[in-house]
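> First, the structure itself, so that you have it in front of you.
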Amino acid sequence: MSSLPSDIAQTAPWTKPQIAPGTNPGQTLLATRDLFKSYQKGPLGIPVLQGIDMRVNEGEFLAIIGQSGCGKSTLLHLLGTLDQPDAGEVHFDGHRIDNLPSTSRDLLRNRHFGMIFQFYHLLPELTTLENVLAPALIAESTLGYWLRRGQHRRRAMELLELVGIADRAKHKPRELSGGEMQRAAIARALLAQPRVLLADEPTGNLDRATGEQIMQMLRQLNREQKLTIVMVTHDPWIAEQADRVVRLVEGRIQKV
């Protein structure tokens, strides 16, 4: 994999027209090399990840499983460039991304990474439809968004139809159930047609029946749209729904 120097970051592939998900099935899309991360707790350094080597193929549904505190959410955040490693590298589509300038990492996330979280992270003052549209509002200038507002709204409503909550488009998060909020978060993550969906405990705040519905939806997105999904979970049953499972134990990948 080639390194992407900071001074040419703005000419990176993700600044060019979108590549459809699943274009190169079986090819490595995301990878880490000897990844280390620790956090400071007072004077002490607490190791979280200790030498992670991992590959995610395009079109794959990968589950990362482990007990609380094993480093799985930290790993997901590093894959999505929400955080940076102490040592090691993260690569996307053949280019190193962990060392990009913050503006380039923001651009990468906005155009190619969709993210969903256990606690939804919906903006309470916005309607469901407005929350789904938020990535487009962030990505474009006010004029650019205004000129394409009809296109963006049609896309957002199609996604709300896809996840089964089009009738809740005008409702605010406080008026939605947990399952509906997670569906809205999934629709928001899909607005830019990402190549990778990163899911952090997507069923962790839901009851079993609702969690099963969310997993069916993710599985359908993976199979029908060839969307690459990386999901972290502590639940073995949830992990079994994926194509492949990586187990983290004390910051290391456990060999099977």
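> Take residue 159 and decide whether it is out of contact with any His (no Cβ under 6 Å at 6 or more places or on another chain), part of a helix (DSSP H, G or I), among the aliphatic types (A, V, I, L, M) and surrounded by fewer than 19 Cβ atoms within 10 Å (Cβ to Cβ). I'd like the intermediate steps shown before the answer.
Numbers: out of contact with any His (no Cβ under 6 Å at 6 or more places or on another chain): yes; part of a helix (DSSP H, G or I): yes; among the aliphatic types (A, V, I, L, M): yes; surrounded by fewer than 19 Cβ atoms within 10 Å (Cβ to Cβ): no.
No.
> Scan the stretch 63-106 for residues that are outside any loop (DSSP other than H, G, I, E, B) and within 11 Å of residue 52 (Cβ to Cβ) and jot them down. Before the answer, list the steps.
From the stretch 63-106, those outside any loop (DSSP other than H, G, I, E, B) are 63-65, 72-79, 87-92, 95-96, 102-106; that's our starting set.
If the condition is that a residue be outside any loop (DSSP other than H, G, I, E, B) and within 11 Å of residue 52 (Cβ to Cβ), then 64, 72, 74, 75, 78, 79, 87, 88, 89, 90 are the ones that fit.
> List the residue pairs whose Cβ atoms are under 6 Å apart, where the first residue sits in the stretch 237-256 and is within 20 Å of residue 49 (Cα to Cα), the second is buried (at least 18 other Cβ atoms within 10 Å of the Cβ) and charged (D, E, K, R), and the two are 6 or more positions apart or on different chains.
Qualifying pairs under 6 Å: 248/72; 254/247.
> To continue, here is another question. Could you look through the stretch 73-102, keep only residues that are small (Gly, Ala, Ser) and surrounded by 17 or more Cβ atoms within 10 Å (Cβ to Cβ), and pick out the one that is nearest to the chain's Cα centre (by Cα)? Walk me through how you get there before you give the answer.
Of the stretch 73-102, the ones small (Gly, Ala, Ser) are 73, 80, 87-88, 94, 102.
Next cut, surrounded by 17 or more Cβ atoms within 10 Å (Cβ to Cβ) only: 73, 80, 88.
On the way: 73: 11, 80: 7, 88: 20 Å.
Per the stated criteria, the residue is 80.
> Please determine, by comparing only the residues of the stretch 47-72 that are surrounded by fewer than 21 Cβ atoms within 10 Å (Cβ to Cβ) and small (Gly, Ala, Ser), which one is nearest to residue 29 (Cα to Cα).
Ranking the qualifying residues of the stretch 47-72, first place goes to 51.
> Taking the residues in the stretch 222-237 that are closer than 11 Å to residue 63 by Cβ, not in a helix (DSSP H, G or I) and not acidic (Asp, Glu) as candidates, determine which candidate is farthest from the chain's Cα centre (by Cα).
Going through the qualifying residues, I end up with 234.
> With in contact with a His (Cβ under 9 Å, 6 or more places away or on another chain) and under 20 Å from residue 216 (Cβ atoms) as the only criterion, which of 189, 185 stands out?
Details: 189 fails: in contact with a His (Cβ under 9 Å, 6 or more places away or on another chain).
The unique qualifying residue is 185.
> Something else about it: Could you look through the stretch 143-156, keep only residues that are surrounded by fewer than 16 Cβ atoms within 10 Å (Cβ to Cβ) and of a type in the set (A, V, I, L, M), and pick out the one that is farthest from residue 220 (Cα to Cα)?
Here the answer is 143.
> Here's a follow-up. Do we have residue 203 as closer than 25 Å to residue 127 by Cα, crowded, with 23+ Cβ neighbours inside 10 Å and polar (S, T, N, Q) here? Walk me through how you get there before you give the answer.
Numbers: closer than 25 Å to residue 127 by Cα: yes; crowded, with 23+ Cβ neighbours inside 10 Å: yes; polar (S, T, N, Q): yes.
So residue 203 fits the description; yes.
> Take the residues of the stretch 174-200 that are assigned to a helix (DSSP H, G or I) and of a type in the set (Asp, Glu): which is surrounded by the fewest Cβ atoms within 10 Å (Cβ to Cβ)?
As a first pass, look at the stretch 174-200 and keep what is assigned to a helix (DSSP H, G or I): 174-175, 178-190.
Within this subset, residues satisfying the condition of being of a type in the set (Asp, Glu) are 175, 180.
Values: 175: 12, 180: 20.
Filtering the stretch 174-200 for residues that are assigned to a helix (DSSP H, G or I) and of a type in the set (Asp, Glu), the one surrounded by the fewest Cβ atoms within 10 Å (Cβ to Cβ) comes out as 175.
> Turning to a different aspect of this structure: Kindly provide the set of residues from the stretch 107-146 that are assigned to a loop (DSSP other than H, G, I, E, B) and in contact (Cβ under 8 Å) with a residue 24 or more places away in the chain, ordered by number. Before the answer, list the steps.
Within the stretch 107-146, the first condition is being assigned to a loop (DSSP other than H, G, I, E, B), and the residues that meet it are 118-127, 140-141.
Passing the criteria: 118, 119, 120, 121, 122, 123, 124, 125, 126, 127.
> Name the pairs whose Cβ atoms lie under 9 Å apart, with the first residue in the stretch 160-188 and within 12 Å of residue 124 (Cβ to Cβ), the second small (Gly, Ala, Ser) and surrounded by 20 or more Cβ atoms within 10 Å (Cβ to Cβ), and 6 or more positions between them or separate chains?
Every condition considered, the pairs that remain are 173/184; 176/184.
None of the figures in this text is laboratory data; all of them are computed from the coordinates on show. No experiment lies behind these values; they were computed from the predicted model shown. In this analysis, Cβ positions are derived from the backbone assuming ideal geometry, glycine residues included, and neighbour counts consider all displayed protein chains.
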